[in-house]
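Chemist: Dropping the structure in here first, questions after.
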Amino acid sequence: MSINLQALSAQLLVGLINGSFYALLSLGLAVIFGMLNIINFAHGAVYMMGAFCAYFLLNVFGIGYWPALILAPVLVGIFGMLTERTMLKWLAGLDHLYGLLLTFGLALIIQGVFQNYFGSSGLPYAIPSELQGGINLGFMFLPIYRGWVIVCSLVVCIATWYLIERTRLGAYLRAATENPTLVRAFGINVPRMITLTYGLGVGLAALAGVLSAPINQVRPLMGADLIIVVFAVVVIGGMGSIMGSIITGFALGIIEGLTKYFYPEASNTVVFVLMVLVLLVKPTGLTGRAV
Amino acid sequence: MAALTDNTVRTTSRRIIGDEMIVFILMTAVLAIVPMTGIYPYFVMQGLCFALLACAFNLLLGYGGLLSFGHAMFLGTAGYVCAHALKVWGFPPELGIVAGVVAAALLSIVTGVVAIRRQGIYFAMITLALAQLLYFIYLQTPFTHGEDGIQGVPQGKMFGVLDLSHPDTLYYVVLGGFLFGFLAIYRAINSPFGEVLKAIRENEQRAISLGYKTDQYKLLAYILSGTLAGLAGSLKVLVAQNASLTDVHWTMSGEIVLMTLVGGLGTVFGPVAGAFAIIAMQQYLAGFGQWVTVIQGVIFVVCVLTFRRGVVGEIAHYFKRSL
């Protein structure tokens, strides 16, 4: 079987891009789950909000891509913190499943509202002028923007890992995950930390949305199917480790890219099939602890 | 961690049976006279299919504590197999229903073995992912006809005598299927099996320490739930005369959850009330496009924040009865 290097590396690149989004989203899910014990079903919806936020900033306020890269995650993160303060907060002490149901409802509301105003078709978002064009690597043509997306998400993922695993703030966070009452007794404002954590997780999803806006068009349902794949990624990787979510996210993106080249019919389903295999062999997920 | 539902009302078992029997007889009587009242029968038939589906889902969540976010896969699989058997293989309707139910049962065995390996929210995510896997398979396999679905399914004559193209006959066949499924679930939750299931929901560790193989109980509940959801899928094909991708999509799984939540998790009649309420809402608001989705989302949020017992659960709680 002859391998077309050009086509293979093109699919690998698409896989890496999808992998960066999986990594950013599953990282956010893991951070939120660690602190709030909630699986955020609205994660796909806030990803979409991030992309729309960048679109509005450009078309309504004339604010370009670079400021939007910071502004959109912050704005959507604030929105997330508001929902945490007004709704999710009241679920503390209830079964975890209620968090899933509430955020599912939020996702329906957000996606429904956007669908009402923007239909289901995509809105274009131009690649910023600095990142247009591409480089010929000899074996393939690399569009600069796509390379930027991969590098940017890698940096953000590793920065988040550093923040949580290596800084004092992260130490408080991990301590509060283990025993919130004890951490509160040390004078640390745990409820505020929970709110900020939710904001951080939501902000990461919104950042992924801004990054994807020039590649995939801005659509109200852009996150709806993506979030189910990310759930499978989370089941495969387990939510016990931050680095685990990052690596699993990128790895599954690459595997998906390879499948697109070797057996395109299975490219939609390969992540789910892998999830089944992992569950049969190692039910706790690759890095997960027993729950 | 608090229990999922507080819909368990402690009363003597004799009175529970009494209350539930009275409501059951009332419900059956009301449903039996529907064709004489001039209410649009297709609406009620559709409601009955979703009511059975929600009851099957409730067996798993309300009594077993397992939230399946992929129950649409049983509805859709049974629907596709039943529709294919009726249209392409020329099966009579009774065998078509059986074919759909068997397909759903087989699917629930395969997916159940995978899904019950994890608990709680992981179980929900796994069932959702499995349903999405099936969605993509049905999107690509030729026999489902992709986006078009299987249309114009013949209804035929049940047992060679009952002409299902006649609305009244079809209605009573669907009602019979619903009552069969409803009573099967009622029997299951009031059996020793059901008691063990509730014990697992309340405290799985303790059930294990008492010597119960909880995985086997959960798997059995999952298979029973999936199979009866398949019965709902087969009946729905006879009513709607088509099988399409909508029935396998995650939005359908979400609607099943919503119906049960609105009616009351872990109540006997809640899913029936919830199914009719949601179906009615969709009918009346059909002209408002995506606002229906928004309203469903709002109902989810309101139910979870303030109304966790659901309609029937609140009534039962107020009168201190078990419904």
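Chemist: May I have the extent of the alpha carbons of chain B along their three principal axes, as whole Å values ordered from largest to smallest?
Modeler: 51, 44, 41
Chemist: Additional query: Could you work out the helix-only [θ] at 222 nm for chain A, with each DSSP H run of four or more residues adding -39,500 (n - 2.57) and the total divided by the number of residues, to the nearest 500 deg cm²/dmol?
Modeler: -24000 deg cm²/dmol
Chemist: Restricting things to alpha carbons, find the Rg to Rh ratio for the protein assembly as shown using the Kirkwood radius for Rh.
Modeler: Here Rg/Rh amounts to 0.98.
Chemist: Test of understanding: given chain A, find the longest segment containing no chymotrypsin sites (Phe, Trp or Tyr not before Pro) that are in a DSSP loop and have at most 10 other Cβ atoms within 10 Å.
Modeler: Looking at chain A, A:1-138 is the longest stretch - no exposed chymotrypsin sites (Phe, Trp or Tyr not before Pro) with at most 10 other Cβ atoms within 10 Å.
Chemist: If R₀ is 25 angstrom, what is the calculated FRET efficiency for the pair A:Ile63 and A:Val155, using the beta carbon separation as r and rounding to 0.05?
Modeler: So the FRET efficiency works out to roughly 0.65.
Chemist: OK, next. Using Cα pairs under 8 angstrom and six or more residues apart, how large is the relative contact order of chain A, in percent?
Modeler: 38
Chemist: Once the range B:204-296 is represented by equal point scatterers at the alpha-carbon sites, with solvent omitted, what log10 I(q)/I(0) does the Debye formula produce at q = 0.11, 0.14, 0.15 Å⁻¹?
Modeler: -0.46, -0.69, -0.77
Chemist: Pop out the ³J(HN,Hα) list for the range B:232-238 in order, Karplus 6.51 cos²θ - 1.76 cosθ + 1.60 with θ = phi - 60°, rounded to Hz; leave Gly and Pro as x.
Modeler: Here the 3J(HN,Hα) series is 4, x, 5, 4, 4, 5, 5 Hz.
Chemist: Please give the Cα centre distance for the range B:100-135 versus the range A:1-19, rounded to the nearest Å.
Modeler: Each part reduced to its Cα centre gives a spacing of 32 Å.
Chemist: Shifting gears a bit: Pairs of lysine in the protein assembly as shown with Cα under 21 Å and at least 8 positions apart or on different chains: total?
Modeler: Summing the qualifying lysine pairs gives 8.
Chemist: Now for a separate question. Quote to one decimal, in nm, the extra length available between A:Asn136 and A:Asp225 on full extension: 0.36 nm per residue of separation minus the C-alpha distance between them.
Modeler: Result: 28.7 nm gained on full extension.
Chemist: Follow-up question, since we're still on this one. With the dipole of the range B:13-318 worked out from charges on the C-beta (+1 for Lys and Arg, -1 for Asp and Glu) around the Cα centre, which of B:Thr141, B:Ile185, B:Gly90 lies farthest toward the positive end?
Modeler: The residue sitting farthest along the positive end of the dipole is B:Ile185.
Chemist: The range A:66-87 to the range A:247-291: how many Å between their Cα centroids?
Modeler: Centre-to-centre distance over Cα atoms comes out at 30 Å.
Chemist: Where does the longest stretch of chain B lie that holds no chymotrypsin sites (Phe, Trp or Tyr not before Pro) found in a DSSP loop with 12 or fewer other Cβ atoms within 10 Å?
Modeler: B:160-318
Chemist: I need the trypsin sites (Lys or Arg not before Pro) found in the range B:210-307, filtered to DSSP loop residues with at most 16 other beta carbons within 10 Å of theirs.
Modeler: Those that pass, being in a loop and sparsely packed, are B:Lys213.
Chemist: Let me ask another. Among B:Gln205, A:Ile78, B:Gly70, whose Cα sits farthest toward the positive end of the charge dipole of the protein assembly as shown (+1 at Cβ of Lys/Arg, -1 at Cβ of Asp/Glu, about the Cα centre)?
Modeler: Ranked along the dipole, the leading option is B:Gln205.
Chemist: Ok, one more. Using a basic spin-label model with each label point 7 Å from the Cα along Cα→Cβ, how many nm lie between B:Gln140 and A:Arg174?
Modeler: 4.1
Chemist: Right, another one. Taking amide H atoms as placed 1.01 Å from N in the peptide plane, list the residues 5 or more away in sequence, or in a different chain, whose amide H sits under 5 Å from that of A:Val218.
Modeler: A:Leu123, A:Tyr125
Chemist: When the Karplus curve 6.51 cos²θ - 1.76 cosθ + 1.60 is applied with θ = phi - 60°, which whole-Hz ³J(HN,Hα) does each residue of the range A:74-80 get, with x for Gly and Pro?
Modeler: 5, 4, 5, x, 5, 4, x
Chemist: For the range A:28-101, what's the radius of gyration and Dmax over Cα atoms, in angstrom?
Modeler: Values for the range A:28-101 (Cα only, Rg and Dmax): 14.4, 45 Å.
Chemist: Still on this structure: Compute and list, largest first, the equivalent-ellipsoid semi-axes of the range A:15-223 from the alpha carbon gyration tensor, each √(5λ) rounded to a whole angstrom.
Modeler: 31, 21, 14
Chemist: Measuring from label point to label point, each 7 Å out along Cα→Cβ, what is the B:Leu220 to B:Asn190 span in nm?
Modeler: 1.9
Chemist: From the backbone phi of the range B:240-254, what are the Karplus-calculated ³J(HN,Hα) couplings (6.51 cos²θ - 1.76 cosθ + 1.60, θ = phi - 60°) in whole Hz, Gly and Pro given as x?
Modeler: Per-residue couplings from phi come out as 7, 6, 8, 9, 9, 5, 3, 6, 9, 6, 5, 4, 5, 4, x Hz.
Chemist: For A:Tyr117 and B:Val88, FRET efficiency with R0 = 41 Å and r from the beta-carbon atoms, rounded to 0.05?
Modeler: E between B:Val88 and A:Tyr117, to the nearest 0.05, is 0.45.
Chemist: How big is the range A:222-266 by the Kirkwood estimate over distinct Cα pairs, in Å?
Modeler: 11.3
Chemist: Would you calculate a helix-derived [θ] at 222 nm for chain B, using -39,500 (n - 2.57) for each DSSP H run of n ≥ 4 and dividing by the full residue count, to the nearest 500?
Modeler: Calculated from helices alone, the mean residue ellipticity at 222 nm is -23000 deg cm²/dmol.
Chemist: Which value, in nm² and rounded to one decimal, describes the direction-averaged projected area of the C-alpha convex hull of the range A:206-291?
Modeler: Reported value for the Cα convex hull: 6.4 nm².
Rule-based calculations on the coordinates, nothing more; no lab input. Remember, it's a predicted structure, so these values are computed and weren't measured experimentally. Don't worry about glycine lacking a Cβ; one is built from the backbone with ideal geometry, like all the others, and counts go over all protein chains shown.
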